[in-house]
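These notes are about the structure you will find just below.
The values are calculated or read from the model by the stated rules, or taken from the named source; none is laboratory data. All of these numbers come straight from a predicted model, not from anything done at the bench. Please note: Cβ atoms are built from the backbone with ideal geometry, for glycine as well, and neighbour counts cover all protein chains shown.
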Amino acid sequence: MELFANLAHGFVVAFSPINLLMCLIGALVGTLVGVLPGIGTIATVAMLLPITFGLPPVGALIMLAGIYYGAQYGGSTTSILVNIPGEATSVVTAIDGHQMARQGRAGPALAIAAIGSFFAGCVATVLIAVLGAPLTKLALAFGPAEYFSLMVLGLIFAVVLAKGSVLKAIAMIVFGLLLSMVGSDIETGASRMAFNIPELADGLGFATVAMGVFGFAEIIRNLDAGAEMSRDLVQQKITGLMPTRKDLVDSTPAILRGTVLGSILGILPGGGATIASFGSYTLEKKLARNPSRFGRGAIEGVAGPESANNAAAQTSFIPLLTLGIPPNAVMALMVGAMTIHGIVPGPQVMQKQPDLVWGMIASMWIGNLMLIIINLPLVGIWVRLLRVPYRLMFPSIVIFCAIGIYSVNNAPVDVILAGVFGLVGYWLIKHDFEPAPLLLGMVLGPLMEENLRRALLISRGDWSVFVMRPLSAVLLAVAAGLLVLTVLPALRSKRDEVFTESEN
Amino acid sequence: MADTMGHSATATRNTKVALGFCLLAIAPQIFELIWSIGTIFGWGTGRGPSAVVISHATALLAGAPGALIGAASGDTKKVSSEVLLALIYSYPLFVVAILTFFMTIRSAQDYVGGVVLMAVALFALWAGSDLQGMRGFSFGAGTAPRMFGGLLVALSAGIALTGLLTDGPPMAHYSWRGPLFVMAGILFFALAIRPLGLVVTGFISFMIAAAGSQETRWLEAAIVGACLTLGCAILFPYVLGLPMPMFPRFLAQ
């Protein structure tokens, strides 16, 4: 079996001491930063991106993947213990998880979150290994027109899954596309919208914008509310980490359902983990014999969403590794990291860099295992970290981010640009625009333009090529259908319902 | 009575919003003016402030209307970039600002958000106006930026319209302290990292940023700032192997 040979090869790579260490450091540091309230996964990955630059490519990507799961796990720890979800994916975890913590069952809640994530991670790892090769073959059948249509579909997914107004979400994507145009044109080399600033000739750095819009903007926004945010920290000592037999029996089906749902939603380009956790929560609530328990500390409400978001987080590597298309903002950062190491994500990566791909896949499983082993005993430390007052934390984060951005290119201008994008991000938040679609648009921009140009060049300027090629036509039809469904008022109100679930 | 009072309240606010848009319409020109002040002291190369004022004023008041009339009479002369800025960016925004006077804004959050986004898109259209467009059926460097810019103008107009047609939240409250000091810290870091090195810059930026909250206790902040700077000074250059200046240049030499 080629599959198992590949996986075995991956494990050999991942189990080398240096890579194990990278994975461990990544998971630890990711959790450490992810636990800080108000810092979501995207901000964590963006902040920690520079620390992987000095490493060899395989080690760097393994570490980044570790940071990603660590951040996600850290996010759920904060939502359970403090009721401050670091990001959208752990919003639903906070609903029942925090209630459990207030009832003195923080231990089981954290344990179930870890166990559910681990199980989902195992399934997703196998799924990536199984689906990777066939999807790569499919990718080879993709021409520029298909790629373009697929990206349109991905962006439409991002719109559908974004919160609030559809119009605003589309506008954010187009804004991102526009920002990605800054810099040199790929074909002619003409300098576009760079205003003769040499640092802009290479385009806006992706990490710079991400750090500004997610890191700095979040800090400024949190300061609005006053540095002492109302923190509902569970003060009593966490005892009895292990869930009871009843907990396990209750949560097993939820974990299974969450894993399946998350795996499917993660593969789809657009938003993956967030919708998976919301979807899973809604599903559990619908299926429960006694739905009124939800919101009062139902363990299924923690188990389902946590498994779903971890499964989705991992399967979202599939489109990245096979098609080279990042399905969400975190994967977009991964693309940035790969590019810095000189790797162009896409179908050829699987064949040319088996060490990298399979090593990363194997390390995902190891990373999840590490998280479950490390984090449960370390919960006490994370809790202590949560007691650090925000008035000390926010300047530290600012400085850390500033040093991080500076170290990417040793360019002071990048730091200023990140600051400017921090203000832009603050403005966007104030006007209820979501920054995540902007980031996705920015990453997909150059790819989209390139494929659009190529497709039209091949078809000699005939736009009908996008609907004449069957695969491309199907993708565009799905995108159009999705958009129509989203705009229809009846469905819109339902969609809002899914997202407002957390607020009551 | 209540009706008239309500009306006057929206009227005053509309005036403010409209004046804000007028300011936005000439924001790039003002920015260039501020930038050009530096040339008096010999920083940077560019036109002096007086040259900037004269060129933009003539473009706004004479050049652009002239170009419009010229275009109407079929005269396709090449226009300068100042005139283009006035035509593509400033004039549409002035029109929006004038229209704002007569509108009832039902959701200021959406309306202002949409108009500002439109300004960004128009500015991008101007910035990309010197790029080559389509050559036969092949894309030029400027085709895609123009496409996305045009799309964003349409979408943001849609958002602004939603703000006029449907009820929604008013403008959110902005605070000044947090953004000001955090940005000042970042700016100081960017300007000082090369000449002063990580140790000095990191600590001072930390203290500037810390001023962004009223609850900062200075002694405590100084201790944490010193520890953090020390930590970063070890972490980045030594552990992670990312080279950066550590100490002020005049001390290192």
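If you check A:GLY336 against the conditions, is it surrounded by fewer than 24 Cβ atoms within 10 Å (Cβ to Cβ) and in contact (Cβ under 8 Å) with a residue 12 or more places away in the chain?
Numbers: surrounded by fewer than 24 Cβ atoms within 10 Å (Cβ to Cβ): yes; in contact (Cβ under 8 Å) with a residue 12 or more places away in the chain: yes.
Yes, satisfied.
Could you count how many residues in segment A:398-413 are assigned to a helix (DSSP H, G or I) and either within 8 Å of another protein chain (Cβ to nearest Cβ) or surrounded by fewer than 22 Cβ atoms within 10 Å (Cβ to Cβ) (or both)?
Of the residues in segment A:398-413, the ones assigned to a helix (DSSP H, G or I) are A:398-409, A:412-413.
Applying the additional criterion that residues be either within 8 Å of another protein chain (Cβ to nearest Cβ) or surrounded by fewer than 22 Cβ atoms within 10 Å (Cβ to Cβ) (or both) yields A:398-400, A:402-403, A:406-409, A:412-413.
So the answer is 11.
Sort through A:LEU178, A:LEU127, A:LEU110 and tell me the only one that's out of contact with any strand residue (DSSP E or B) (no Cβ under 6 Å at 6 or more places or on another chain) and within 14 Å of another protein chain (Cβ to nearest Cβ).
On the way: A:LEU127 fails: within 14 Å of another protein chain (Cβ to nearest Cβ); A:LEU110 fails: within 14 Å of another protein chain (Cβ to nearest Cβ).
The unique qualifying residue is A:LEU178.
Determine, yes or no, whether B:GLY197 is within 26 Å of A:ASP414 (Cβ to Cβ), crowded, with 17+ Cβ neighbours inside 10 Å and either more than 9 Å from chain A (Cβ to nearest Cβ) or of a type in the set (Lys, Arg) (or both).
Numbers: within 26 Å of A:ASP414 (Cβ to Cβ): yes; crowded, with 17+ Cβ neighbours inside 10 Å: yes; either more than 9 Å from chain A (Cβ to nearest Cβ) or of a type in the set (Lys, Arg) (or both): yes.
So B:GLY197 fits the description; yes.
All but one of (1) at the interface with chain A (Cβ under 10 Å from one of its Cβ atoms); (2) closer than 25 Å to A:GLY445 by Cβ; (3) outside any helix (DSSP H, G or I); (4) out of contact with any Pro (no Cβ under 8 Å at 6 or more places or on another chain) hold for B:HIS173; which doesn't?
The single condition B:HIS173 does not satisfy is (2).
What number of residues within segment B:141-162 are surrounded by 22 or more Cβ atoms within 10 Å (Cβ to Cβ), in contact with a Ser or Thr (Cβ under 8 Å, 6 or more places away or on another chain) and assigned to a helix (DSSP H, G or I)?
Here the count works out to 1.
Quick one: A:ALA120 ticks every box in (1) modelled with pLDDT of 85 or more; (2) within 14 Å of chain B (Cβ to nearest Cβ) bar one, so which box is it?
The failed condition is (2).
Output the residue which, of all residues in segment B:79-113 that are of a type in the set (S, T, N, Q) and away from every other protein chain (no Cβ under 14 Å), is surrounded by the fewest Cβ atoms within 10 Å (Cβ to Cβ). Lay out the reasoning, then the answer.
Initial filter on segment B:79-113 (of a type in the set (S, T, N, Q)): B:80-81, B:90, B:100, B:104, B:107, B:109.
From what is left, the residues that are away from every other protein chain (no Cβ under 14 Å) are B:80, B:90, B:100, B:104.
Numbers: B:SER80: 13, B:SER90: 24, B:THR100: 23, B:THR104: 9.
Per the stated criteria, the residue is B:THR104.
Regarding B:GLY178, is this residue part of a helix (DSSP H, G or I), out of contact with any Phe, Trp or Tyr (no Cβ under 6 Å at 6 or more places or on another chain), touching a residue at least 12 places away in the same chain (Cβ under 8 Å) and within 9 Å of another protein chain (Cβ to nearest Cβ)? Lay out the reasoning, then the answer.
Values: part of a helix (DSSP H, G or I): yes; out of contact with any Phe, Trp or Tyr (no Cβ under 6 Å at 6 or more places or on another chain): yes; touching a residue at least 12 places away in the same chain (Cβ under 8 Å): yes; within 9 Å of another protein chain (Cβ to nearest Cβ): yes.
Taking the combined requirement at face value, the residue satisfies it.
Just checking, which of A:ARG387, A:ARG391 is among the basic types (Lys, Arg) and modelled with pLDDT of 80 or more?
Working: A:ARG387 fails: modelled with pLDDT of 80 or more.
Only one candidate qualifies: A:ARG391.
Determine whether B:THR216 is surrounded by 14 or more Cβ atoms within 10 Å (Cβ to Cβ), within 7 Å of chain A (Cβ to nearest Cβ), farther than 30 Å from B:MET118 by Cβ and β-branched (Val, Ile, Thr).
Details: surrounded by 14 or more Cβ atoms within 10 Å (Cβ to Cβ): yes; within 7 Å of chain A (Cβ to nearest Cβ): yes; farther than 30 Å from B:MET118 by Cβ: yes; β-branched (Val, Ile, Thr): yes.
So B:THR216 fits the description; yes.
If I filter segment A:185-222 down to residues being at the interface with chain B (Cβ under 9 Å from one of its Cβ atoms) and among the polar types (S, T, N, Q), which single residue comes out as farthest from the chain's Cα centre (by Cα)?
The selected residue is A:THR188.
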